[in-house]
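Engineer: Starting off with a structure, shown below.
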Amino acid sequence: VSWGGEDAVFVSGRSFGVFDGVSGAEKLDGVPLYSNTLAQQLKSDVGKGGLSVDEIKKKLLNAAEYSDMSATGASTAVVSSIGEANIMRSLCLGDSVLMVIRNGSVFAKTRETLHYFDCPYQLSEESPDRPRDGTVLTTKLLEGDIIISGSDGVFDNLDDAAIIELASDESAKSKP
């Protein structure tokens, strides 16, 4: 709480990401959180257009290397970018998730990466995990698709059916 929460997000142009601060990671008081630093670095670096998977990996690696030197804690990451022809490319490192809901069901979903139960892949100065270790999801988006991206706090506490119901209810409310 003294840092303002351990989860962070960014949205910039056609790219976005969710970073889940690892609660069990050691943190130094007065030093910015790893998750927030990742989000800030990516927001300033991604630009406005869509990115390839290799560009996402490179930019996330650059943000992680900066965070290694200037931040405290650890973070999982799911970073996505929507490019030409509405192709969304996503990189998932850890247990944060991105899902695409189409016509009331899960059309696509990132795959989590875990070392073992309650130990997701994560970025930090002490971790060997890097963006190259993440899983990739490439999806063609269609009009009406709903994209949900969140930390394990969402996906551990709500099953897919509950998320679909909530998202569909909100989507219906926003239609004219």
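The values are calculated or read from the model by the stated rules, or taken from the named source; none is laboratory data. Just so it is clear, the model here is predicted, and its values are computed rather than measured. For neighbour counting, all protein chains shown are included, and Cβ atoms are generated from backbone atoms with ideal geometry for every residue, glycine included. Note: areas computed on protein heavy atoms with side chains; ligands, DNA, RNA excluded. Shrake-Rupley method; radii C 1.70, N 1.55, O 1.52, S 1.80 Å.
Engineer: At 1.4 Å probe size, with the rest of the protein present, what percent of the exposed accessible area of region 1-138 is carbon and sulfur atoms?
Structural biologist: Numbers: 3330 of 6690 Å².
Of all accessible area on region 1-138, carbon and sulfur atoms account for 50 percent.
Engineer: Of the labelled options [x] 1.11; [y] 0.97; [z] 1.36, which one gives Rg/Rh (Cα atoms, Kirkwood Rh) as computed for this structure?
Structural biologist: Of the listed options [x] 1.11; [y] 0.97; [z] 1.36, [y] comes from this structure.
Engineer: Treating only the Cβ of Lys, Arg, Asp and Glu as charged (+1, +1, -1, -1), what charge dipole size does the chain show about its Cα centre? Round to the nearest 20 debye. The partial results should precede the final answer.
Structural biologist: Details: 16 positive and 27 negative charges, 179 e Å.
For the chain, the charge dipole is close to 860 debye.
Engineer: Normalised by the number of residues in region 73-127, what is the relative contact order in percent for Cα pairs under 8 Å and 6+ residues apart? Don't skip to the end; give the middle numbers.
Structural biologist: On the way: 92 pairs, mean separation 19.5, N = 55.
So the answer I get is 36 percent.
Engineer: Pairs of alpha-carbon atoms within less than 8 angstrom and 6+ residues apart define the contacts here; what relative contact order does the chain have, in percent?
Structural biologist: Values: 369 pairs, mean separation 37.3, N = 176.
Here the relative contact order equals 21 percent.
Engineer: Net charge near residue 126: determine it from the other residues with C-beta under 11 Å of the C-beta of residue 126, scoring Lys and Arg +1 and Asp and Glu -1. Working shown, then result.
Structural biologist: On the way: positive: none; negative: 26, 68, 125, 129.
Value of the local net charge: -4.
Engineer: Report the chymotrypsin sites (Phe, Trp or Tyr not before Pro) located in region 75-138 that are in a DSSP loop and have at most 10 other Cβ atoms inside 10 Å of their Cβ, or state none.
Structural biologist: Here the sparse-neighbourhood loop sites are 117.
Engineer: With unit charges on the beta carbons (Lys and Arg positive, Asp and Glu negative) and the dipole taken about the Cα centre of region 94-147, which residue among 144, 124, 101 sits farthest to the positive side?
Structural biologist: 144
Engineer: Looking at the chain, which longest stretch skips every one of the trypsin sites (Lys or Arg not before Pro) that is in a DSSP loop with at most 11 other Cβ atoms within 10 Å, leaving the sites themselves out?
Structural biologist: Values: sites that count: 48, 111.
The segment 112-176 is the longest one with no such site.
Engineer: Still on this structure, please answer the following. If the cut-off is a Cα-Cα distance under 18 Å, which lysines reach residue 109, setting aside same-chain residues fewer than 8 apart in sequence?
Structural biologist: 140
Engineer: Need the list of aspartates and glutamates near residue 58 for cross-linking: C-alpha distance under 16 angstrom, and skip anything on the same chain fewer than eight residues off.
Structural biologist: Partners found: 45, 68, 129, 133.
Engineer: With contacts defined as alpha carbon pairs under 8 Å and 6 or more residues apart, what's the relative contact order of region 103-176 in percent?
Structural biologist: Values: 29 pairs, mean separation 25.1, N = 74.
With pairs under 8 Å counted, the relative contact order is 34 percent.
Engineer: Averaged per residue, what accessible area in Å² does the chain show with a 1.4 Å probe, protein chains only?
Structural biologist: Details: 9240 Å² over 176 residues.
On a per-residue basis, 53 Å².
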